[in-house]
Amino acid sequence: MMVNRDDRAPTTALMVTDMQSRVIRVNAAFCALTGYASDKIKGCSSSALYVLPEQVCDFASIEAEALKNEGIWTGDVNIRKENGEIMKGVQTTVSTNDKDEGFSHYIHIIETLDTYHQGGYDQNTQLPNRNMFKEMLSQEQANAKRKKFQLGVLFVDIDNFKVINDSLGFARGDLLLGEIANRLKSQLRGNDLIACLGGNQFAVLLPDLVHPEDANIVTMKLMHALEEGIDVAGNDVVVTISTGIVIFPGDGEDSETLLKHAERSMYKAKEEGGNNYQFYKASIQHSASNRLSLESEMRKAIEREEFVLHYQPQINTNNGRVVGMEALIRWQHPVRGMVAPYHFISVAEETGMIVPIGDWVLLEACRQNRAWHDGGLKNLKVAVNLSARQFSDRHLLEKVENALQVSGLDVELLELEITESVIMKDIEGTIALLEKLAAMGLTLAIDDFGTGYSSLSYLKRFPINKLKIDKSFIDDVMTNEDDATIAEAIIGLSHNLKLDVICEGVEDEDQFNWLQARSCNEIQGYYFSKPLPADAFEAFVRERNALF
Ligand code: C2E
Ligand code: MG
Ligand code: MG
């Protein structure tokens, strides 16, 4: 929920005020947006910030509205920046904290839709231009540093474009570039960003790469997308590309250097004949080719029954009981030993292998939960992760129905986890699909909430039941005010939207107490238990639920 991605997604600024409209806390995005230093705005009346369309807002009335309206108010306001400038039409959500705790503060969630719409686009392709790309890359770098993510940047150059362009003429050359841009774009995921750097060069930003090597899988998809000829006014034109790849952190500190190094690697790919890619670092180039062998091993793994599921308990904070579990896949590799999903899920996702693997996971999780139910561990809900590919699988609904039917599991005991970034990819399509799933009666949860780019204003429209706060917010919740503010805002908002909220990655008592004090409904994390093999999980539940 932080940065503009697909040209429209929001930047989320947060402000917390007390019941007298005095600012208690703001986050970094808020300061960047408004120009106010955090120290300066604290203690001020928040009404200084807001101007409703056509009038200066009586801010207290919005908060009063929120109180009246089940604790939540959403609307467009105009905001006055520190320098006096007015930003118009800013989508704002004001919500109170949970009623049950006694009202103590308001949370203002401010989402700007058009911060970048000022000359930031390439005229021909309608993609973000170089300046905008650099700006967004810088923001993503800051985000990645804080959250310890890795980013990839691809510098893509069309081979021999000058020759092609000269023979087609400029106008047709532009058409060709437009079509190339479309094809490249069609290969990217919701959170990826593509820009046109000018001329025949594109840049792609891959946020939160699990493995640097995965950048080459995306690169190959881009190359593949251009293999079929492009029709330009009756001419069948085939183009190839050369790509240079840099990884942050590691290949450059600032956006300028990263782009320069990516460009240099692109030229190296050209020197080797073009239609090719090069990582800036030779060591990554090497392990990238190694990883490709994983793919063929994975194909065999299903047949050889090398995958197993582990289960991590989810504990109700009110009564301390295990109420459900998340099914997490493991690969028992004959040579490599137990392989964690970190090492293969992203490859499986990129190559499409995740679909058959995911089908197996769904069925196995349902089967196991039904077996537990029959064996006396009644009414535990099993949560299954759905990847982007599975979510866009046309047969998803049938597959879910089939898994329930074959296993005999009650639909109310199945939960599906979908990450925030997957949900935001195609909002209308997502809503339609989620509605069908919800109609079946299962539980829908948004996984890794807070790391993606969902607009909170859309959240209301999704028929979801649960938000799962990402581990990265809870890690530093005791020490980092920004993270605490976000976690608190998410919990408060969930309650106002009548959603359950679960926090994952809870490792110690302090974190647990913090969450319990804020009425976070459920907790999952090493503090209670690591993911366990089925028999160990069963023993854990029997022991714990006998006590609570
Ligand atoms: P996720 O769905 O967000 O799962 C939570 C991850 O956090 C799990 O890692 C879990 O073991 C780990 N975790 C839970 N509590 C703690 C804690 O207190 N501290 C720490 N450090 N870690 C904790 P795991 O099992 O390695 O899975 C990683 C990711 O792989 C999952 O993230 C999910 O995105 C993906 N994944 C796992 N199984 C499947 C699957 O069956 N299908 C799909 N599509 N993805 C899966
Ligand atoms: Mg999950
Ligand atoms: Mg998660």
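The values are calculated or read from the model by the stated rules, or taken from the named source; none is laboratory data. Everything numeric in this text was worked out from a predicted model, so none of it was measured. Cβ coordinates were reconstructed from backbone atoms using ideal geometry, including for glycine residues, and neighbour counts include every protein chain displayed. These area figures cover heavy atoms from the full protein model, side chains too; ligands, DNA and RNA do not enter into them. Shrake-Rupley method; radii C 1.70, N 1.55, O 1.52, S 1.80 Å.
Just a few scattered comments:
- The condition (being assigned to a helix (DSSP H, G or I) and open to solvent by less than 10 Å² (accessible area, probe 1.4 Å)) is satisfied by just one residue among Ser242, Ser265: Ser265.
- Selection from region 104-133 of residues that are in contact with a strand residue (DSSP E or B) (Cβ under 9 Å, 6 or more places away or on another chain), modelled with pLDDT under 80 and open to solvent by 10 Å² or more (accessible area, probe 1.4 Å): Leu113, Asp114, Thr115, Tyr116, Tyr121
- Residue match in region 396-413 (condition: within 25 Å of Cys503 (Cα to Cα) and in contact with a Lys or Arg (Cβ under 7 Å, 6 or more places away or on another chain)): yes
- Looking across region 470-503, the residues that are farther than 25 Å from Asn69 by Cα and touching a residue at least 40 places away in the same chain (Cβ under 8 Å) come down to Lys471, Ser472, Ile474, Glu481, Asp482.
- Scanning region 508-518 for residues that are under 18 Å from the mean Cα position of the chain (by Cα) and either more than 15 Å from ligand 3 (Cβ to nearest atom) or not in a helix (DSSP H, G or I) (or both) turns up nothing.
- Taken together, Ala195, Ala181, Ala142, Ala203 contain a single residue that is outside any strand (DSSP E or B), within 26 Å of the chain's Cα centre (by Cα) and within 17 Å of Val246 (Cα to Cα), which is Ala142.
- Taking region 284-357 and the strands (runs of 3 or more DSSP E) fully enclosed by it, the elements with 1 or more residues that are touching a residue at least 60 places away in the same chain (Cβ under 8 Å) and not small (Gly, Ala, Ser) are at 307-316, 322-333.
- Residues within region 457-491 that are modelled with pLDDT of 90 or more, of a type outside the set (D, E, K, R) and either assigned to a helix (DSSP H, G or I) or within 16 Å of ligand 2 (Cβ to nearest atom) (or both), tallied: 6
- Residue within region 424-435 that is within 16 Å of ligand 3 (Cβ to nearest atom) and touching a strand residue (DSSP E or B) at 6+ places or on another chain (Cβ under 7 Å) present: no
- Taken over region 455-499, residues that are within 15 Å of ligand 3 (Cβ to nearest atom) and either open to solvent by 30 Å² or more (accessible area, probe 1.4 Å) or on the phi > 0 side of the Ramachandran plot (or both) amount to 2.
- Subset of region 298-342 that is within 9 Å of ligand 1 (Cβ to nearest atom) and either small (Gly, Ala, Ser) or over 29 Å from Asn521 (Cβ atoms) (or both) - its residue that is most open to solvent (accessible area, probe 1.4 Å): Ala340
- Subset tally (residues that are closer than 19 Å to Ile41 by Cβ and either out of contact with any strand residue (DSSP E or B) (no Cβ under 7 Å at 6 or more places or on another chain) or of a type in the set (Lys, Arg) (or both)) for region 59-103: 7
- Selection within region 377-422: residues that are open to solvent by less than 40 Å² (accessible area, probe 1.4 Å) and part of a loop (DSSP other than H, G, I, E, B). The member of this set that is nearest to Ala365 (Cα to Cα) is Leu409.
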